[in-house]
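The structure under discussion appears below in the form of structure tokens.
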Amino acid sequence: MAHTGPTSNSFISQRLKLHYVDWGNRDAPPLLLIHGGRDHCRNWDWVAEKLRDRYHIIAPDLRGHGDSAWAPDGHYPMEGFVYDLAQLIHQLDLGPVDIVSHSMGGNIALRYTGLYPANVRKLVAIEGLGPSPTVLQERAATPFPEHFRQWIADKRQAAGRTPRRYATLEDALARMMSENAYLTEEQARHLTIHGISRNEDGSWSWKFDNYLNVWPFHDMPQSDIEALWNAITCPTLLLYGADSWASNPEKDGRLRHFRNARVIEFENAGHWLHHDQFERFMSTLDDFL
């Protein structure tokens with residue numbers, strides 16, 4: 001029988017209706033695929049196709065992303081995302097689960113795993129540790145009230161912006177390709193088709209909430225985040241692209257906060273290394289899982 005694509009489902013988290021896709025194979029061990037910021041769950045389709053025979057794969061759209069509801073107040077703190085993940089795992093009774101995550105999704109998954117170590121069997125985070133120690137130091141140089149005022153100004157500006165409209169799907173595709181030079185046209189088209197929706201006037205806009213562009217100015221203290229990393233007991237794989245802007249935790253010292261993690265760096269790959277070096281990513285993932 002030829003495989004069909006995933007089925008769409010939803011769950012409720014803090015009054016928000018959130019979307020996820022289910023790739024079937026219910027009796028297999030559960031595997032969660034968690035996308036990054038301004039992305040969507042169908043970003044994982046290539047990975048899911050390869051692993052669906054061995055796992056019961058679930059890929060959520062984070063709040064404000066894909067086909068999930070937007071936060072009514074346009075505010076997206078990290079604890080909201082962590083709650084949503086906890087709610088998904090709890091509602092579907094998935095624990096213990098394997099998790100593969102990217103960027104902001106990695107940040108969310110790492111925090112969840114530190115909170116509920118027994119619920120995660122194995123964890124992969126692609127560039128998921130958040131801002132580097134250097135960036136955090138630079139931020140700390142700005143007084144807190146100044147950060148707060150800037151955040152208010154940025155939110156106000158975001159409120160006045162209308163989502164960008166593209167006359168054609170091809171225009172949006174060109175934008176997608178300019179954002180990541182490593183993508184093939186086929187990859188970019190797939191990501192665009194699933195990441196965009198049509199407006200009433202026939203134009204196209206990205207599905208994610210524009211308010212996501214204004215990141216909350218306040219997060220947990222870094223020492224608390226590091227304590228969560230240290231509470232993770234399962235085998236953990238931290239993947240980095242050699243050509244990415246993200247800082248490698250083996251080189252910047254953050255790896256010391258983990259008990260059971262190793263770092264692998266991918267040559268000729270940027271922030272989306274699971275697209276940029278797909279074959280190598282899949283063989284690395286296979287070995288690890």
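Shape class for the chain, computed from the alpha carbon gyration tensor (a ≥ b ≥ c): rounded, with a/c under 1.5. Between SER132, SER197, SER223, find the one with the highest GNM mean-square fluctuation for the chain; connect C-alpha pairs within less than 10 Å. Maximum fluctuation in the GNM of the chain, among the listed residues, is at SER223. Lysines near LYS122 by alpha-carbon distance under 20 Å, same-chain residues fewer than 8 away left out - which ones? Partners found: LYS50. Going from the fewest other Cβ atoms within 10 Å to the most, the residues ARG42, ARG111, ARG52 appear in the order ARG52, ARG42, ARG111.
As a footprinting exposure proxy, order TRP23, TRP245, TRP46 by other Cβ within 10 Å, with the fewest listed first. Display every interim value, and only then the final one.
Details: TRP23 24, TRP245 10, TRP46 16.
Ordered from fewest to most neighbouring Cβ atoms within 10 Å, TRP23, TRP245, TRP46 come out as TRP245, TRP46, TRP23.
For every helix of n ≥ 4 consecutive DSSP H residues, a contribution of -39,500 (n - 2.57) applies; sum these over the chain, divide by its total residues, and give [θ] at 222 nm rounded to the nearest 500 deg cm²/dmol.
Numbers: 11 runs with 108 residues, N = 289.
The helix contribution divided over the chain gives -11000 deg cm²/dmol.
Separation of region 2-30 and region 218-281, taken as the distance between their Cα centroids, equals 27 angstrom.
Ranked by Cβ crowding within 10 angstrom, fewest neighbours first, how are VAL135, VAL82 ordered? Before the final figure, lay out the partial values.
Details: VAL135 12, VAL82 20.
Ordered from fewest to most neighbouring Cβ atoms within 10 Å, VAL135, VAL82 come out as VAL135, VAL82.
When Lys and Arg each count +1 and Asp and Glu each count -1, what net charge do the other residues less than 10 Å away from ASN25, Cβ to Cβ, add up to? With Lys, Arg at +1 and Asp, Glu at -1, the net is 0.
Bridge orientation summary for the chain: considering DSSP beta bridges with both residues in this region, about 40 percent are antiparallel. Here the 3J(HN,Hα) profile of region 256-267, calculated from phi with Karplus coefficients 6.51, -1.76 and 1.60 at θ = phi - 60°, is 5, 7, 10, 8, 9, 10, 10, 10, 10, 9, 9, 6 Hz, Gly and Pro shown as x. Per-residue Karplus couplings for region 5-12, computed as 6.51 cos²θ - 1.76 cosθ + 1.60 with θ equal to phi - 60°, are listed in order as x, x, 9, 8, 9, 9, 9, 9 Hz, Gly and Pro entered as x.
Once a ≥ b ≥ c are taken as the square roots of the eigenvalues of the Cα gyration tensor of region 1-105, is the result rounded (a/c under 1.5), prolate (a/b larger than b/c) or oblate (a/b not larger than b/c)? Prolate shape, in that a/c is at least 1.5 and a/b is the bigger ratio. With the Cα gyration tensor of region 136-278 giving a ≥ b ≥ c as the square roots of its eigenvalues, does the rule (a/c under 1.5 for rounded; else a/b larger than b/c for prolate; else oblate) give rounded, prolate or oblate? Since a/c reaches 1.5 but b/c is at least a/b, the shape of region 136-278 is classed as oblate.
Every number in this text was worked out from the coordinates using simple rules, so none of it is lab data. None of the values given here were measured: they were computed from a predicted structure. Glycine gets a Cβ as well: all are built from the backbone with ideal geometry, and neighbour counts include every protein chain shown.
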